[in-house]
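Asks: Have a look at this one.
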Amino acid sequence: MSTQAVADARSAIEEIVYGYAELMDRGDFAGVAALFSRAHYRGAGPSDSGVEGAAAVQEVLETMVQRYDDGTPRTLHVTTNLAIDVDELAVSARARSCFTVFQQVDTGVINPIIAGRYQDSYARDDSGWYLTERVFLTSLVGDLSAHLTVDPFSVA
């Protein structure tokens with residue numbers, strides 16, 4: 001695998017990772033869902049079967065995430081510590097990253113509402129790199145009441 005192939009893979013995967021955060025913060029749930037058109041999205045819990053495909057991801061976001069008058073969830077998703085491992089043929093990859101989500105719903109305090117890690121799997125075909133799976137591992141949880149319409153930890 002050439003150095004350029006690795007650099008191209010990393011760049012494409014970075015665009016997906018950081019694009020997800022940007023789309024979420026804009027409230028563009030159709031755009032987020034498109035990133036998962038060929039992917040499984042789930043939590044790390046043993047009972048979390050997750051969802052698969054764009055339609056299912058969009059439905060979950062539209063149902064669970066509150067949007068405000070400006071059409072956004074009033075959040076800032078910060079993604080850090082991105083590590084990308086590309087396979088020898090540059091046709092699959094894994095990525096790890098950390099996330100922290102901040103929210104401000106009025107002119108008051110900016111609150112960190114949740115933090116954790118993403119574990120992603122990617123594949124490449126003739127159309128480029130795409131997500132095949134995202135597992136989110138929640139480490140820290142603040143007040144999610146202004147962000148989600150349901151308590152995700154009480155949903156069976």
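Asks: List every residue pair whose Cβ atoms lie under 8 Å apart, where the two residues are 6 or more positions apart in sequence or sit on different chains, the first residue falls within the stretch 84-113 and is under 17 Å from Asp70 (Cα atoms) and exposed (fewer than 13 other Cβ atoms within 10 Å of the Cβ), and the second residue, located anywhere, is of a type in the set (D, E, K, R) and at pLDDT below 90.
Replies: Listed pairs, sorted by first residue: none to list.
Asks: Could you list, in sequence order, the residues of the stretch 39-59 that are aliphatic (A, V, I, L, M) and crowded, with 16+ Cβ neighbours inside 10 Å? Even if it seems obvious, please write down each step before you answer.
Replies: As a first pass, look at the stretch 39-59 and keep what is aliphatic (A, V, I, L, M): 39, 44, 51, 54-57.
The answer is Ala39, Val51, Ala54, Val57.
Asks: Do you know which of the residues in the stretch 9-24 that are touching a residue at least 40 places away in the same chain (Cβ under 8 Å) and over 11 Å from the mean Cα position of the chain (by Cα) is nearest to Tyr68 (Cα to Cα)?
Replies: Glu14
The values are calculated or read from the model by the stated rules, or taken from the named source; none is laboratory data. Source: prediction; values computed, not measured. Counting neighbours? That spans all protein chains shown, and the Cβs are built from the backbone with ideal geometry, glycine included.
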